[in-house]
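Asker: Okay, here's the structure, questions in a sec.
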Amino acid sequence: MDKPKKNLSFTLITAIIGFMIAIQFQTIKKPVDRDTRDIWEIREALLKEKELQSTLLSEIRSNEEKLTAYESKRKKGKEQALKDTLNELKVEAGLTKVTGPGITLKIEPALEEIELGASVTQEVSPDLLQRLLNELNMYEAKYVSIDGQRVINTTVIRDINAQTKIDGHTIKSLPIEVKVVADSIDTAEKLYNRMKVSKSIEEFYIENLRLTVSSPKTKVTVPSYENPIRIRYMEPVKGNEGGGNK
């Protein structure tokens, strides 16, 4: 190879190497950024960071308080649900006084029969009262009292020594009232309309008794059951029986 060609090749190789070195130098070169802020600007930035930190801490505390309050409400909700259930059971069992829409029935001697010389009747038989109760229940009566005595599922109406007794309470003389509470005023009106043409009216009249039905009212009060309720065939669960936690 002649000398001019050698010089040209050497020049090209040198240029390529230099170009590559320049590219590599630019690639690894890192610019140095200097913080040109003064001390007051730095303090202001620090203050902003502290305020942000304080805000975040306040939000965390607020969320923790909300979680605590929610957990407390959830526990109280369970307790309240149990209390509500207990109250409902007491109402259904007849252990509480109940006021609601209903009607009042009155049982008294039939005056026209007395004027015609019939004997004055001051008693009502257990059978008449039981048939009246059955009819009221058939017409959707919810709560009933007779002569101030609450009638519940275990109530017994019977004749003892020629006296009509309701769970031990003696019906001594007439007139007496039968108070009935229904689910709603509409149900009370239906109950009233049905009792106005009830067979019980005829049955009482045969016994020289008059059964009158008052118009529906929005507030009729039935007293609570006062006698002790005897529970049979039930015992408290012992230990871990009945699916309790072990």
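The values are calculated or read from the model by the stated rules, or taken from the named source; none is laboratory data. Predicted model only: the values in this text are computed from it and were never measured. Neighbour counts run over all protein chains shown; Cβ positions are idealised from the backbone, glycine included.
Asker: Output the number of the condition that E113 fails; it satisfies all remaining conditions of (1) farther than 29 Å from I229 by Cα; (2) part of a helix (DSSP H, G or I); (3) at pLDDT 90 or above.
Answerer: Just one mismatch for E113, condition (3).
Asker: Select from the stretch 167-210 the residues that are more than 39 Å from the chain's Cα centre (by Cα) and aliphatic (A, V, I, L, M) and write down the one among them that is surrounded by the most Cβ atoms within 10 Å (Cβ to Cβ).
Answerer: L209
Asker: For residues in the stretch 129-156 being assigned to a loop (DSSP other than H, G, I, E, B) and among the β-branched types (V, I, T), which is farthest from S198 (Cα to Cα)?
Answerer: Only one residue fits best here, namely T154.
Asker: Take L95 and decide whether it is in contact with a helix residue (DSSP H, G or I) (Cβ under 9 Å, 6 or more places away or on another chain), at pLDDT 75 or above and surrounded by 10 or more Cβ atoms within 10 Å (Cβ to Cβ).
Answerer: It is true that L95 is in contact with a helix residue (DSSP H, G or I) (Cβ under 9 Å, 6 or more places away or on another chain), at pLDDT 75 or above and surrounded by 10 or more Cβ atoms within 10 Å (Cβ to Cβ).
Yes/no matrix, rows are residues, columns are (1) more than 30 Å from P223 (Cβ to Cβ); (2) surrounded by 10 or more Cβ atoms within 10 Å (Cβ to Cβ); (3) modelled with pLDDT of 80 or more:
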{"position": "L8", "(1), (2), (3)": "yes, yes, no"}
{"position": "I39", "(1), (2), (3)": "yes, no, no"}
{"position": "L52", "(1), (2), (3)": "yes, yes, yes"}
{"position": "G77", "(1), (2), (3)": "yes, yes, no"}
{"position": "T85", "(1), (2), (3)": "no, yes, no"}
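Asker: What do you reckon, is K90 of a type in the set (K, R) and either modelled with pLDDT under 80 or not in a helix (DSSP H, G or I) (or both)?
Answerer: no
Asker: Just give me the residues in the stretch 157-198 being part of a strand (DSSP E or B) and closer than 13 Å to V144 by Cβ, in sequence order.
Answerer: Within the stretch 157-198, I157, I166, I176, E177, V178, K179, V180, V181 meet the criteria.
Asker: Could you figure out which of (1) surrounded by fewer than 13 Cβ atoms within 10 Å (Cβ to Cβ); (2) in the same structural domain as A182 (by TED's automatic domain parsing); (3) at pLDDT below 90 isn't true of V156?
Answerer: Of everything listed in (1) surrounded by fewer than 13 Cβ atoms within 10 Å (Cβ to Cβ); (2) in the same structural domain as A182 (by TED's automatic domain parsing); (3) at pLDDT below 90, V156 misses just condition (3).
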